[in-house]
1. For the pair residue B:246 and residue B:147, what calculated FRET efficiency results from E = 1/(1 + (r/R0)^6), where r is the Cβ-Cβ distance and R0 = 25 Å, to the nearest 0.05?
2. For a label point 7 Å from the Cα of residue B:414 along Cα→C-beta, name the residues of the stretch B:302-336 whose backbone N is under 20 Å from it.
3. Ranked highest first by the average count of other Cβ atoms within 10 Å around their residues, in what order do B:204-216, A:29-41, A:97-109, B:100-112 fall?
4. Compute for the stretch B:362-421: radius of gyration divided by Kirkwood radius, i.e. Rg/Rh, restricted to C-alpha atoms, rounded to two decimals.
5. Take residue B:265 and residue B:52, extend 7 Å from each Cα along the Cα→Cβ direction, and tell me the distance between the two endpoints in nm.
6. How far is it, in nm, from the label point at residue B:282 to the one at residue B:350 when both lie 7 Å from their Cα along the line to the Cβ?
7. Quick check on the exposure proxy: order A:7, B:150 from fewest to most C-beta atoms within 10 angstrom.
8. Under a straight-distance cross-link criterion of Cα-Cα below 26 Å, which lysines are reachable from residue A:114, leaving out those fewer than 8 residues away in the same chain?
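FYI, it's all coordinate maths here, none of it is from the lab. Note that this is a predicted model, so its numbers are computed, not measured. A quick note on method: Cβ atoms are made from the backbone with ideal geometry, for glycine too, and the neighbour counts reach across all protein chains shown.
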Amino acid sequence: MIEGRVWRYGDDVNTDVIFPGKYTYQPLTAEEMAQHALEDLDPDFAKEVQEGDVIVAGANFGCGSSREQAATCLKAAGVAAVIAKSFARIFFRNAINNGLPVIELKEGIDGIAKGDTVKIDFENGIVIHKGNEYHFPALPPEVLAILEDGGLIPHVRKEMGKEKYP
Amino acid sequence: MTFAEKILAQKAGLDHVEPGQIVTVTPDFCMSHDNTAAISKIFGKIGVERVKDPERFVIVLDHTVPPSTEKYALGHKEIRQFVAQQGIVHFYDGGVGICHQVLPEKGFALPGTLILGSDSHTTTYGAFGAFSAGIGRSEMAVLYATSKIWLKVPSTFKIVVHGRLRAPLTSKDLILKIIGDIGADGALYRSVEFTGAAITEMSQAARMVLSNMAIEMGAKNGYIAPDDKTFRFLEGRAVRKYYPVYPDSDASYEKVLEFDASDLIPQVAKPHTVDNVAPVEEVAGTKIDQVLLGTCTNGRLEDLRLAARIIAGKKIATGVRMLVLPASREVLLDALSEGLIDTFVRAGAMVLNPGCGPCLGVHEGVLAPGEVCLSTANRNFKGRMGSRDAEIYLASPATVAASALTGVITDPRDVFEGGAE
Ligand code: SF4
C-alpha cells in the first residue's frame, strides 16, 4: 500500500512533453533526466515533485515516441505510480520494465484533483480517494513478475541465475 | 484468425491464440538506431558477453547524422565499436537513410515476418505484410541477450477504405482524416488492418504512410495485405525467402470502420496533437515560417515528385525556409537523376542529408519561439521541433509544396496543374 500526493494531467500526455526529444540522445544521469521530467507540459513539476508523489492523468498517457526516458525520468523524479484512464502501449511496457507501477483505472479519475491524496493497494487492486474505492484489473502474472523484480533487467538477470545487479 | 492472431500464433509455435493472450516470441529482425549507444549500455548490465544472434539485428544511424555535437559523435563512435565487437553485419552508418526507409530498401521488411524496433514508427513495415511494432530500449537489450520477448495478442480493427484518391490528394490526407475521426487513442493496443479498393490501388510508398502513422492512433501495428506491388518492390532486395500471411476470411474483428477516399479533401493536423485535424480550408491563410518536406512519413520519391511538380519553375515565398529531407540516399539519388533536387534548389529550398534532421528538433532547422512550421512528418507535439512555443501543422507533400510558394497554408487544389487524375 502506498499513499501519495497527486499531480493531475489530462488526456494524451505525450512522450515529447514528458521527456523532450532534444535530450534523448544525450547520455544523462537519472538525476539530470528527472530535472527535465514533464518540462514542456508543466515546468513546476520537476521543481516541486517529491518522492512518493503520484501522477493521475486521462486517456492515452505516454503516447508518441518509444523513448524509455519518458518512464525513467518519472521514476527518477520519485514518482511512485502513474494512474491513468489508459496508457499508450510502448510507454506501458517501458514503465513496467523500469519498475514504475502503471495503473489503468476506468472509474473515479475525473474526481481526482491536483494536490489530493490517493492510496494504492496493489495487492487487492484498489485505488482509494476521499474514502471511495476504485478497482483496477491485476496485471498478467508474467508482467507482474517483472514489476516485482524491479524492472526487466533485474528480472532477466534473476532468470539467468545472476545476482540482482552487477 | 486475424493477421495479428495468425502471425503471433505462428511465431509462438501455437495453433491458435486469442486476443489478450501473452505469447513469447523470437522476432525475425530487430531494429535500433542512434539509441543503440544507450541500448548497448543496458545490455552491459545484463551480464551477458555476446549478442545471441547478431544476424537478427539491423542498426541504422539516422537521428543525428552527421552528428551536430560532440556527445552525438561519441554516441555514434560507441555504436560502431559495439557493432564491430559483436559482429553485427547489418549496420548502416549515417547517410544511408532513415531507418524506416532503409529496412524496406535493404530487404528486411518482408511479408510474414515479425519485426520489433526501438522506435515507435516501426509500424511502417506493416505496409509489407510484416507484424512490426515499437518496443523500449531495455527490451531491445534483452533481445540482444536472449532473442526472446513477450507480446500480448491484440484484438483487431479493420479499416476499409472505399473509392479512389485523386491527385493532389494523397494517403497522408487519408490517414490524417482517419486519425482525426477516431482520435489519438482510437485504436489503442489494437492491431489495425487497412483494406479496401483505395488501398489496393495505392502505391507501395503511399501504403507506408498509413502504416507509419498507425501508431498516431495508438495502434500496435498497421497491416496491409502484401500483393504484386509489394513483391515487385522486394525483387532483388529481399534478404531471404518470405512467406506472406493473410487474415482468414472468417476472422473476427472488434470493429470494422469504413471510409471513402473519393470525396476526401486535403487535411491538416493543427498544433499540438495529431488528431487535431481540420480540412485545409479551415486553416488556409495561416502564416508559416518553415516548411519541411520529407521524413520517414513523406520523404519518398513520389512525395518529392508531387511537390516538385507544384514548385517547378516557381520561387519559395520570401520569409519561408523550405527544407527538403529525402528519406534515403536511394531516394536522393533518384531525385537527383530526375531533376527534382534541381527544381527544389532553384526554387530556394535547402536540401538536407537523408536522415531525421529537424523532425525531432535536435538539429538542421529547429524552430524559434512563435514560429510556425508546416511539415509532412507524423508528429506535431509541443516542443518537438525546437521551441515549446512554436507551432507545427502536418499535411501532405502537395499541401506543403503549395504553401511554400505562398507563405501561408494553402489548398493544393488551387495550384495543382493537371487537374484530377
Ligand atoms: S524521421 Fe522523424 S518520425 Fe521518422 S524515425 Fe526519424 S525522428 Fe522518427
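1. The formula returns an efficiency of 0.40 here.
2. Hits in the stretch B:302-336 for residue B:414 at 20 Å: B:307-322.
3. Numbers: B:204-216: 27.2, A:29-41: 17.2, A:97-109: 19.3, B:100-112: 24.5.
Ranked from most to least packed, the peptides come out as B:204-216, B:100-112, A:97-109, A:29-41.
4. Numbers: Rg = 13.1 Å, Rh = 12.4 Å.
On the Cα set of the stretch B:362-421, Rg over Rh gives 1.05.
5. 5.4 nm
6. 3.2 nm
7. Arranged by neighbour count, lowest to highest, A:7, B:150 become B:150, A:7.
8. A:47, A:75, A:85, A:106, A:130, B:382
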